[in-house]
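Comments concern the structure below.
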Amino acid sequence: MRLELGSFPVADVQESDRLSYADGVLGVDTEALRQLVLEGGEFADVSVHLVRPGDQTRLIHVIDAAEPRFKPAAGSTFPGFCGPVEMVGEGGTHRLAGVAVVTTSDLVAGDPVYAPEAIIDMSGPAADLTPLSRTVNVVLELEPHPKYLRPDTPDGELQSLVYRRQIRATELKVASHLARVTEGLRPERVVTYELSKPARTLPRVAYLLHDIPWMYGALSASPDSEAYGSLPTLMHPNEVLDGALVSIRDYEGCSRDATYFYQNPSILSELYRRHGVDLDFVGVVLFTGGPDMDAKRLACEYAYKLLRMLDVQAVCASSSPSGNPWVEFMMFCQRCERGGIKTILAMPEEVGAPEDHGFSHYVPEAVAIVSTGRASQEIELPRVSTVIGGSELHEVSDSPVGPVSVPYTSIFGVSSNIGQSWLTAKEY
Amino acid sequence: MSKTRVVHYINQFFAGIGGEDQANVGPSVVEGPKGPGLVLQKILEGSGEVVATIYCGDNYVNEFEEKARDAFVEYLRRYQPDVVLAGPAFTSGRYGLACGLVCAIARELGIPAVSAMHPENPAVELYRSRVHIAPTAATTAEMLDSMSRASTLALKLAGDQPIGPAAEEGYLSRGLRYSQVASDDVGVRTVDMLMKRLRGEDFDTEWPVPTYDRVRPAPPLEALEQSTLAIVTSGGVVPKGNRDGLQSARATRWYSYSIAGRPSLSSEDWESIHGGFDTTHANRDPNRIVPLDVLREFEARGAFARLADTMYVTTGNQSGLENAIRFGEEISDELVKTGVDGVIFVAT
Amino acid sequence: MAKEIERRGIPVALISAIAPLPIAVGANRIIGGRAIPHPVGDPALPPDEERTFRKMLVSRALDTLTTEVQDQLVLPLEGP
């Protein structure tokens, strides 16, 4: 499988009467985007904002972000959402590099009362910590259709899930629309991704993604708390890079599994970069446990078996955000280490005060952990001139205009172990 | 800029008073540097000055903590230091505890404080969260290096600069974790760690899992009167002459000795070879460490069924954690094998 | 050491003159002793009183072996 990812770098975005791309400037007709968002009837209204790195702008209630993609030959950019369900990861794909479509929305009926905040600052200290502060962002400030707000809706939770899927579908529609501007143009730079057989024998390594995304538009595991969990599955890394996975859940902002991060993954890309040089990258295992110990044990056994069949010596693993899934993540580590597969874990420290060790669960075999930051710690956000996405923060009573102190957990993507992040924690 | 005022703490041995025989001397203070303080003074040169040296016997501090505390508070108030430096204590447990105590008192008075000791000094676990501790080698041969690490830290703490992460600043982790921005992203760091593991090179986890785990308490004995008990001690009590050559410090072995038929441990036949304290009192009456006489009395009275014929002995003096764990495991094997139900453990 | 023995399900009554150490390390049944060189003795006392003192400590130790322990059981030595 050979993927050729062609980049069209974007340095700025401008309001325009038509969609255009020239000299690194993306021209956007925001009114046309509004109509595109509203045509499905899922939203009461939408405001489209163009924001740039360095702006005194704060985005709050962020749901997701995606990089605009276009396939010059026939094919789905985001299968199951935009275009039919068909395998991706092969052939040519265009990307608008340096652009993200970012969605924000208020809560709807069925959302948890405790709603995690997710903030993107375009300048200031928090802006140094995530790639989504360094992109030119086309922000869709969405207002849910009243049908999603009825508190008496039966199956409220399911309603919320339907709405959240609509947000992703809309975001991806806009992302596909924007990237279509590259039709007929030659990318400035093309990177080829192919797991060709290394010239010499190198250690075989897999990547384990502990997560529940939309996969080809379908649920990779049921989020229904009664039945969730599914068997781990094997993916080609090109599928991940090319739009097969879409963010599903609105976890803590800091470790949100944004679609943009699947498209621009950090560990996966680094394994690819060193493929054939230092190691032999053999594939990606998508893994999640379940609500009880049997489901967790089954998932661990199954993931371990896949890794044995792949004959790997080691695995790099990105954890799901905190909570009971950490239990199966640690069980997976223990299973692999005891079975002779070295595991390197990448995970955020989301619980506890500085003096707490911070683990909600751990095993002695977890000897190699990359920390994506002590996310329970607070960060001071400065005053900004513009706030997009709402007028009040979830969880914090101070005005979102700032200055305001929030935990790192509220900063979108700063503790991501899928996308790029730079936060870590050290002993003092 | 005025020189940083340093108060130095040392024990009776380094103060030149004497060894174990003088471990009970009470606290004193003198102006200027003393003993290893002369090395410290030389390292500080233009930037700081040892204004006073506090010293005390190791046993005194640990047995009369309140009295020692009152004296230390008074000395610190008298000399108003910018920073306190205690030690280095290397692997000496009691000296380490004294250093920790002095530093903790200084911190309570709002004075920055640094100690220096070996990472496996038992005092580290007790004081690391409250006091910055510079790691040292196991022995005094490394005095200069140890002292210079501690003094660098002391000067930094005395100043206004914020102190960085433990690994970068050269102190033992206080068990606090704070976020930091790394120079490489998570992908580069993860795959770097992967390659180090694959190549068999040393690697540092960024988030250590706790090692001092809590052991679930063993269930209580249901019927003490039907139970077999065994004696385990880290007091270095051996048959007189120490025929096995149990080490008096940094023990790497343990031994088992028969106490079958003995009503008590007589001073003719037994002695403590422990190198960490004055054994005069124990050698006059070894039952002061191993209460065999009293245990026999309880046994005869039927309080418990039987005292095991074997007693397990090592020396708990500057021993590393790894050895201690191994001893525990090995002795457990014997206890399980011989059907022991409960243990009386005397630690010195 | 005591912890490793408890790990195997055998209760350990730990008599120590420096109780904070086993407390920090996580021993489960701790009885405060008199002094480091003589945890279960006191040379300052006349012989018969010293033996009574030792009996008191050993009796406490035996009691802890039959006590259900939740977190940590620490019996400090009251004043001299």
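Counted as qualifying within segment A:24-138 are the strands (runs of 3 or more DSSP E) with 3 or more residues that are more than 28 Å from A:Cys254 (Cβ to Cβ), namely A:25-28, A:91-97. For A:Ala346, the conditions (1) farther than 30 Å from A:Pro403 by Cα; (2) without any contact (Cβ under 8 Å) to a residue 60 or more places away in the chain; (3) not polar (S, T, N, Q) all hold with the exception of (2).
For (1) buried (at least 20 other Cβ atoms within 10 Å of the Cβ); (2) among the hydroxyl-bearing types (Ser, Thr, Tyr); (3) part of a helix (DSSP H, G or I), each residue gets a yes or a no:
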residue	(1), (2), (3)
B:Gly100	yes, no, yes
B:Ala116	yes, no, no
B:Val124	yes, no, yes
B:Ala134	yes, no, no
B:Ala141	no, no, yes
B:Ser148	no, yes, yes
B:Ala154	yes, no, yes
B:Asp160	no, no, no
B:Gly164	no, no, no
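Among the residues of segment B:167-194, the one identified as facing another protein chain (nearest Cβ under 7 Å) and on the phi > 0 side of the Ramachandran plot is B:Gly175.
C:Ala35 meets each of the listed conditions (1) surrounded by fewer than 17 Cβ atoms within 10 Å (Cβ to Cβ); (2) at the interface with chain B (Cβ under 7 Å from one of its Cβ atoms) apart from (1). Are any of the residues in segment A:340-351 among the hydrophobic types (A, V, I, L, M, F, W, C), under 23 Å from B:Ser179 (Cα atoms) and surrounded by fewer than 18 Cβ atoms within 10 Å (Cβ to Cβ)? Yes, some residue in segment A:340-351 is among the hydrophobic types (A, V, I, L, M, F, W, C), under 23 Å from B:Ser179 (Cα atoms) and surrounded by fewer than 18 Cβ atoms within 10 Å (Cβ to Cβ).
What number of residues within segment B:195-208 are touching a helix residue (DSSP H, G or I) at 6+ places or on another chain (Cβ under 9 Å) and either within 8 Å of another protein chain (Cβ to nearest Cβ) or closer than 24 Å to B:Glu268 by Cβ (or both)?
Looking only at that region, the number is 3.
Of all residues in segment B:127-156, those that are within 14 Å of chain A (Cβ to nearest Cβ) have Cβ atoms under 9 Å from Cβ atoms of residues that are among the basic types (Lys, Arg) and surrounded by fewer than 21 Cβ atoms within 10 Å (Cβ to Cβ), 6 or more apart or on another chain, in B:Arg128/B:Arg174; B:Ser129/B:Arg174; B:Arg130/B:Arg107; B:Arg130/B:Arg174; B:Val131/B:Arg107; B:Val131/B:Arg174; B:His132/B:Arg174; B:Ile133/B:Arg174. Here the condition is being of a type in the set (A, V, I, L, M), within 18 Å of B:Phe90 (Cβ to Cβ) and under 18 Å from the mean Cα position of the chain (by Cα); of B:Ala15, B:Ala23, it holds for B:Ala23 alone.
B:Pro263 passes every criterion in (1) more than 14 Å from chain C (Cβ to nearest Cβ); (2) over 14 Å from B:Thr314 (Cα atoms) apart from (1). A:Val282 satisfies every condition listed in (1) modelled with pLDDT of 85 or more; (2) of a type in the set (Val, Ile, Thr); (3) within 24 Å of A:Ile248 (Cα to Cα) except (3).
Can you tell me which residue within segment B:291-300, out of those that are within 8 Å of chain C (Cβ to nearest Cβ) and surrounded by 18 or more Cβ atoms within 10 Å (Cβ to Cβ), is nearest to B:Thr233 (Cα to Cα)?
Among those that are within 8 Å of chain C (Cβ to nearest Cβ) and surrounded by 18 or more Cβ atoms within 10 Å (Cβ to Cβ), it is B:Pro291.
A:Trp422 satisfies every condition listed in (1) within 30 Å of A:Thr57 (Cα to Cα); (2) touching a residue at least 60 places away in the same chain (Cβ under 8 Å); (3) within 9 Å of chain B (Cβ to nearest Cβ); (4) touching a Pro at 6+ places or on another chain (Cβ under 8 Å) except (4).
Here the condition is being exposed (fewer than 15 other Cβ atoms within 10 Å of the Cβ), touching a Ser or Thr at 6+ places or on another chain (Cβ under 8 Å) and touching a residue at least 40 places away in the same chain (Cβ under 8 Å); of A:Val28, A:Val37, A:Val85, it holds for A:Val85 alone. So, B:Pro122, is that one farther than 18 Å from C:Ala19 by Cα and out of contact with any Lys or Arg (no Cβ under 8 Å at 6 or more places or on another chain) or not? Taking the combined requirement at face value, the residue does not satisfy it. Residues of segment B:243-253 being more than 21 Å from B:Asn121 (Cβ to Cβ) and hydrophobic (A, V, I, L, M, F, W, C), which ones? Selection gives B:Leu246 alone. What single numbered condition from (1) more than 7 Å from chain B (Cβ to nearest Cβ); (2) buried (at least 18 other Cβ atoms within 10 Å of the Cβ); (3) modelled with pLDDT under 90 fails to hold for C:Leu21? That leaves (1) as the condition not met. Scanning segment B:222-241 for residues that are surrounded by fewer than 21 Cβ atoms within 10 Å (Cβ to Cβ) and within 9 Å of chain C (Cβ to nearest Cβ) yields a count of 4. Is it the case that B:Glu31 is surrounded by fewer than 17 Cβ atoms within 10 Å (Cβ to Cβ) and at pLDDT 95 or above? Yes, satisfied.
Just checking, does segment B:279-289 include any residue being polar (S, T, N, Q), surrounded by fewer than 17 Cβ atoms within 10 Å (Cβ to Cβ) and in contact with a Ser or Thr (Cβ under 8 Å, 6 or more places away or on another chain)? Looking through segment B:279-289, none of the residues is polar (S, T, N, Q), surrounded by fewer than 17 Cβ atoms within 10 Å (Cβ to Cβ) and in contact with a Ser or Thr (Cβ under 8 Å, 6 or more places away or on another chain).
Checking B:Ala303, B:Ala260, B:Ala218 one by one, the residue that is part of a loop (DSSP other than H, G, I, E, B) and more than 22 Å from C:Lys55 (Cα to Cα) is B:Ala218 and no other.
Among the residues examined, A:Ser371 does not qualify as surrounded by fewer than 21 Cβ atoms within 10 Å (Cβ to Cβ), touching an Asp or Glu at 6+ places or on another chain (Cβ under 6 Å) and in a strand (DSSP E or B). Can you tell me which residue is farthest from the chain's Cα centre (by Cα) among those in segment B:301-348 that are within 7 Å of another protein chain (Cβ to nearest Cβ) and surrounded by fewer than 19 Cβ atoms within 10 Å (Cβ to Cβ)? Per the stated criteria, the residue is B:Ala303. Listed by first and then second residue, the pairs linking a residue in segment A:325-339 that is among the charged types (D, E, K, R) to a residue that is part of a helix (DSSP H, G or I), with Cβ atoms under 8 Å apart and 6 or more places separating them unless they lie on different chains, are A:Glu328/A:Lys296; A:Glu328/A:Ala299; A:Glu328/A:Cys300; A:Arg335/A:Cys300; A:Arg335/A:Glu301; A:Arg335/A:Ala303; A:Arg335/A:Tyr304. For segment B:169-196, the set of residues classified as within 17 Å of A:Ile341 (Cα to Cα) and either buried (at least 19 other Cβ atoms within 10 Å of the Cβ) or touching a residue at least 24 places away in the same chain (Cβ under 8 Å) (or both) consists of B:Thr190, B:Val191, B:Met193, B:Leu194, listed by residue number. Residues that are surrounded by fewer than 20 Cβ atoms within 10 Å (Cβ to Cβ) and part of a loop (DSSP other than H, G, I, E, B) within segment A:374-383 comprise A:Gln377, A:Pro382, A:Arg383, listed in sequence order. Scoring A:Leu96 on the criteria (1) touching a strand residue (DSSP E or B) at 6+ places or on another chain (Cβ under 6 Å); (2) farther than 30 Å from A:Thr409 by Cβ leaves a single failure, condition (2). Among the conditions (1) in contact (Cβ under 8 Å) with a residue 24 or more places away in the chain; (2) surrounded by fewer than 22 Cβ atoms within 10 Å (Cβ to Cβ), the only one that B:Ser2 does not satisfy is (1).
The values are calculated or read from the model by the stated rules, or taken from the named source; none is laboratory data. All figures in this text were calculated on a predicted structure; none of them were measured in a lab. For neighbour counting, all protein chains shown are included, and Cβ atoms are generated from backbone atoms with ideal geometry for every residue, glycine included.
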